[in-house]
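Novice: Can you keep this structure in mind? I'll have questions shortly.
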Amino acid sequence: MKILQRTARAHDPDTTDQLLAHLQDIIERRQLSALLQPIIRMASGDILGYEGLIRAPQGSPLHMPAKLFDVARTGPGAGALGMALEQLCREVVLQRFTELKLPGKLFLNVSPECLLRTDNAISDLTSKTGIDPERIIIELTENQPSHDYELMRAAVLRYRAMGFQIAIDDLGAGFSSLRLWSELRPDYVKIDMHFIQGVERDPVKLQFVRSIQEIAKTSATLVIAEGIETESELLALRDIGVAFGQGYHLGRPTIDPGTVLPGRLAQALVQPVAPRGAQKNSVAKLLHRVAALAPAMNNNDAYELFLEQPTLLIIPVVERDVPIGLLSRHQLFDHFARPYQRELYGKKSITLLMDSHPIIVDLHTGLQDLSVRMAQAAAHHFLNGFIITAQGKYAGMGTGHDLMREITHMQITAARHANPLTQLPGNVPINEQIDRLLAAGTHFWACYCDLDHFKPFNDVYGYRKGDDVIELTGAILSEQCNLERDFIGHIGGDDFMILFQSEDWEQRCRTILDRFGSAIAQFFTNEDRERGGYASENRQGGMTFYPLISLSLGVVKIEPQHYRSHHQIARSAAESKKQAKKMPGNSLFIERRDPRN
C-alpha cells in the first residue's frame, strides 16, 4: 500500500568509487542472499517452480538488485565485474534451492551476454549442486539488448542439448524481447507486469495478453504472467487461458517459500468461470488506485497536499491496510475557512475531520448491488465515491460518476442483446460465454432446449398463448440453473441454450422436464388433454393430429481440447437435440461419444 507522506529526500553520500568498492567487497565476501518466488499453474494452483532472486545485505545502498547491477555496469572493468556478480548470484540461488529441497523447476536469471561468454558455466554449477538440468529454466533478462542473434541461437541450442529449457523475461517491455522470442523460440515467455496490473479493467492490456496467448499457441510456448497483485487480475488471466502466474498475490520472494499455494488462493483458481458479465460487471471495473493517507498525518499537511494537487478532491485514510475514512477537500477547506478552525485543528490528526462512515465495498461486489446501496445512502456519498477493498484490505477508490456510466452501459447492452419476450441473453452473449469458457479451458455441458410440436399449438391456440408457453419455459429453465455457475440464453423462438458448470447438471435437467410436464397441462383444453393432442393444418393444407407440447433436451459434454469455437459446439448441441426430439414426450438425450471419433 502506498502512503502519501512528506519526507525529505536524503542525499546519498556514496560516490561511484565507494559503491564499486562496496560491490567488490560484497562479491569477495559472498554477501548475497537468495530469495525464491513461486510460479503457479493457473488451472490447478499447483506450483510449477520458483524464480531465483537476489539481495545484497540489508541496509546496504546496493540492497536491491537493480542498484546492484547498475553499479556493476559502471566504472573500469565493468564487464568482468558484471560477469563475476552474475556467476555469484547463480551459485547462491542454486545453493539455496538445493538446501530447501524445493519441488518443481528453478528459473535462473541469466543475461544474454553471460550466456554467450561463459560457455558451460551454468552446466558446471548444476553438476556441483546435483540438480538435473531438466529442472532448470534459463531466464534471459536483457538489461542491455544483444543484437548478435545468431550467436544467441547457437548458445541456446547448446544449452537445450544439455537438457535446459529457455524463458524470456519482461515480454512487451521492449522490441528486443519480441525479436528474441521470434529468433529463439523459447519454452516460456513472461509477460511484463505493466500489461498484467489492472488487466481485468483495461481492454488494451486484455487484448495484448490475448494476442500473446495466440502467438504462444502457434509457437508451442507457455505464457507466464508476472506481477499479479489482486485476485481480480488472477481470475481474469485464468479465464483467458494464461498457463502460469507469478506475483505478490500468489507469493512474495522469500528465503523460505512454501511448497503449496494457500488454500484460499487454490480454491479461487478452481472455482467455475463466472457467467458472462459476473466479473466484468463487478466493482473491480471501477477501481482507481489512489494513494492513501495515514491517520497520523495532521490536517495542515493534508491541506498543503490539496493545494499542491488542485484536481485532488478526496483521499482515503487507511490504517494497517484497513480503510477507516475519507478526507474531503471541500470539508477540510470549509473548516479552515472559519475563524480559528485552522489554529484549533491544523496540527491534529486528519481523523477528526474525515468522514468516518464512508461506503466500503469488496472488489467482487456486483455493480447492481452497489447501485442499490448508493441510492439508499445519503447524497454526499455519491459525490465522495466509495472505497474498494480486496479481502478486507484497501485496494483503491471508485466514483459515483463511473458507477452511473457503467450501470447505464449495462442496461443498454443488456437491452440490445436480450430476447424481448423472456429478457434472457440472446445469441451474441451465448456465443461470447461459450468462447470465454473455451478460452479458460473449462469443462462444461451444453444443453440445447427445444419445444416439440410448438407451431401447431400456436396455430390452434394463438400466438399470445404461444408466448405464454415460451415465457413459462424460460422461467422453468432459469429456476433450475445455479446462476453463479450456469448460464442460460434464449436463442430465439422456442429454442434455449444452457451452459452447465453445476456438477448435478443431469439432475437439474430431469427436474426441468418434470416441472415442465406438470406446468404445461394448464395451457390445453380438457378435450385436448384427454385426446393427448389436437388437429391442425399441415404445410400441405391437410389436417394432421399433433401430440401435446413437450420439451426436448440435448446435452453435450464439452472438453475444451475437443472444440475450438461456439460454432462447433452449436452444431454438436443441435445434433443432440435432434436425437432427443426422436423420443416421445419430455425427453433428455446425452451425447457421450468423443466428437473426434
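Only the coordinates and a few stated rules stand behind these numbers; no lab work does. What you are looking at is a predicted structure, and each value in this text was computed from that prediction instead of being measured. Positions of Cβ are generated from backbone atoms using ideal geometry, with glycine treated the same way; all protein chains shown enter the neighbour counts.
Novice: Based only on other Cβ atoms within 10 Å, what is the fewest-to-most ordering of Leu424, Leu100?
Specialist: Details: Leu424 21, Leu100 15.
Result, fewest neighbours first: Leu100, Leu424.
Novice: Below 8 Å, C-alpha to C-alpha, sequence gap of six or more: please give me the relative contact order for the chain in percent. The partial results should precede the final answer.
Specialist: Values: 986 pairs, mean separation 60.9, N = 597.
For the chain, the relative contact order is 10 percent.
Novice: Per 0.36 nm of contour for each residue apart, how much would the distance between Leu344 and Ala21 grow if the chain were fully extended, relative to their Cα-Cα spacing?
Specialist: Working: separation 323, 0.36 × 323 = 116.28 nm, distance 5.32 nm.
Stretched fully, the Leu344-Ala21 segment lengthens by 111.0 nm.
Novice: Asp402 versus Met583, label points 7 Å from Cα toward the beta carbon: distance in nm?
Specialist: 5.0 nm
Novice: Hey, another quick one. Please work out whether the chain counts as rounded, prolate or oblate from its C-alpha gyration tensor, where a ≥ b ≥ c are the square roots of the eigenvalues and a/c under 1.5 means rounded, while otherwise a/b larger than b/c means prolate and anything else oblate?
Specialist: On the way: a/c = 3.27, a/b = 1.51, b/c = 2.16.
In terms of gyration-tensor shape, oblate.
Novice: Follow-up question, since we're still on this one. If I take R0 = 22 Å and measure r between the Cβ atoms of Ala161 and Ala84 in this structure, what FRET efficiency does the formula 1/(1 + (r/R0)^6) give, to the nearest 0.05? Walk me through the numbers before you get to the answer.
Specialist: Working: r = 27 Å, r/R0 = 1.21.
It comes to 0.25.
Novice: Charges only on Cβ, +1 for Lys and Arg, -1 for Asp and Glu: so what's the dipole of the chain about the Cα centre, in debye to the nearest 20?
Specialist: Taking the Cα centre of the chain as origin, the dipole is about 320 debye.
Novice: Quick check: residue separation of Arg564 and Ile215 times 0.36 nm, minus the Cα distance between them. What number comes out in nm? Spell out each step's value before the answer.
Specialist: Values: separation 349, 0.36 × 349 = 125.64 nm, distance 1.58 nm.
Length gained, Arg564 through Ile215: 124.1 nm.
Novice: So who's got an amide H within less than 5 Å of the one on Ala395, skipping anything under 5 residues away but keeping other chains? H placed 1.01 Å off N, in plane.
Specialist: Result for Ala395 returns Ile388, Thr389, Ala390.
Novice: Using 1/(1 + (r/R0)^6) with R0 = 41 angstrom and r between the beta carbons of Phe333 and Arg264, what's the FRET efficiency to the nearest 0.05? Show your work: numbers first, answer last.
Specialist: Values: r = 43 Å, r/R0 = 1.04.
Result of the calculation: an efficiency of 0.45.
Novice: If you don't mind, there's one more thing I want to ask. With θ taken as phi - 60° and the coefficients 6.51, -1.76 and 1.60, list the Karplus ³J(HN,Hα) couplings across the range 319-331 in order, rounded to whole Hz; mark glycine and proline as x.
Specialist: 10, 6, 6, 9, x, 10, x, 10, 9, 9, 4, 4, 5
Novice: Please give the residues of the range 239-266, grouped as numeric ranges, whose backbone N is less than 19 Å from a label point set 7 Å along the Cα-to-Cβ vector of Asp70.
Specialist: none
Novice: Still on this structure, please answer the following. Which residues' amide hydrogens lie under 5 Å from the amide hydrogen of Asn109, considering only partners 5 or more residues apart or on another chain, with H built in the peptide plane?
Specialist: Gly52, Glu139
Novice: Over all directions, how big on average is the projection of the convex hull of the alpha-carbon atoms in the range 16-271, in square nanometres?
Specialist: Numbers: hull surface 54.5 nm².
With every direction weighted equally, the projected area is 13.6 nm².
Novice: Can you tell me the relative contact order of the range 422-591? Whole percent, Cα pairs under 8 Å, sequence separation 6 or more. Walk me through the numbers on the way to the answer.
Specialist: Details: 268 pairs, mean separation 53.5, N = 170.
Answer for the range 422-591 is 31 percent.
Novice: Which whole-Hz ³J(HN,Hα) couplings does the range 295-303 yield from phi under the Karplus relation 6.51 cos²θ - 1.76 cosθ + 1.60, θ = phi - 60°, glycine and proline marked x?
Specialist: Per residue, the Karplus-derived 3J(HN,Hα) values read x, 6, 5, 8, 5, 4, 5, 5, 4 Hz.
Novice: Of the options Leu477, His63, Leu250, report the single residue whose Cα projects farthest towards the positive end of the charge dipole of the chain (beta-carbon charges: Lys, Arg +1; Asp, Glu -1).
Specialist: Leu477
Novice: Given points 7 Å out from each Cα along the Cα-Cβ axis, report the Asp369 to Gln31 separation in nanometres with one decimal.
Specialist: For the pair Asp369/Gln31, the computed spacing is 5.2 nm.
Novice: Still on this model: Report the one residue of His335, Ile131, Tyr461 whose Cα lies farthest in the direction of the positive end of the charge dipole of the chain (charges on C-beta: Lys and Arg +1, Asp and Glu -1; origin at the Cα centre).
Specialist: With unit charges placed on the Cβ atoms, the residue in question is Tyr461.
Novice: Then there is this: Modelling each spin label as a point 7 Å along the Cα-to-Cβ direction, I'd like the Leu151/Arg185 distance in nm, to one decimal.
Specialist: 2.4 nm
Novice: Additional query: Rounded to the nearest 500 deg cm²/dmol, what is the calculated helix-only ellipticity per residue at 222 nm for the chain, with -39500 (n - 2.57) per DSSP H run of length n ≥ 4?
Specialist: Values: 22 runs with 247 residues, N = 597.
Helices in the chain give a 222 nm mean residue ellipticity of -12500 deg cm²/dmol.
Novice: If you take every DSSP beta bridge whose two residues both sit in the chain, what share of them, in percent to the nearest 5, is antiparallel? Write out the running numbers ahead of the final one.
Specialist: On the way: 52 of 84 bridges.
Around 60 percent of the beta bridges assigned by DSSP in the chain are antiparallel ones.
Novice: While we're looking at this one, here's another question. What angle, in degrees between 0 and 90 and rounded to the nearest 10, separates the Cα long axis of helix 175-184 from the longest principal axis of the Cα atoms of the chain?
Specialist: 80 degrees
Novice: In terms of modelled amide H atoms, which long-range or inter-chain residues lie less than 5 Å from the amide H of Leu551?
Specialist: Here the answer is Asp452, Asn586, Ser587, since their amide H atoms fall under 5 Å of that of Leu551.
Novice: When only Cα pairs under 8 Å and 6 or more residues apart are kept, what is the percent relative contact order across the range 506-597?
Specialist: Values: 94 pairs, mean separation 25.2, N = 92.
Once normalised by length, the contact order is 27 percent.
Novice: Using each residue's phi in the range 106-117, evaluate 6.51 cos²θ - 1.76 cosθ + 1.60 at θ = phi - 60° and report the 3J(HN,Hα) Karplus result to the nearest Hz, with x for Gly and Pro.
Specialist: Here the 3J(HN,Hα) series is 10, 8, 10, 6, 9, 7, x, 4, 5, 4, 7, 9 Hz.
Novice: Something else: Using only the alpha-carbon atoms, how far is helix 400-417 inclined from the longest principal axis of the chain? Give it as 0 to 90 degrees, nearest 10.
Specialist: Long axis of 400-417 versus the principal axis of the chain: about 40 degrees.
Novice: In addition: I'd like the orientation of helix 149-161 relative to the chain: the angle between its Cα long axis and the longest Cα principal axis, in ° from 0 to 90, rounded to 10.
Specialist: So the helix axis and the longest Cα principal axis differ by about 80 degrees.
Novice: Next question. On a full-extension model of 0.36 nm per residue, what is the gain between Asp202 and Leu307, subtracting their alpha-carbon distance, rounded to one decimal in nm? Before the final figure, lay out each step's value.
Specialist: Numbers: separation 105, 0.36 × 105 = 37.80 nm, distance 3.07 nm.
So the chain would gain 34.7 nm between Asp202 and Leu307.
Novice: Something else now. At most 16 other Cβ atoms within 10 Å plus a DSSP loop assignment makes a site exposed; report the longest stretch of the chain without any exposed chymotrypsin sites (Phe, Trp or Tyr not before Pro).
Specialist: 341-597
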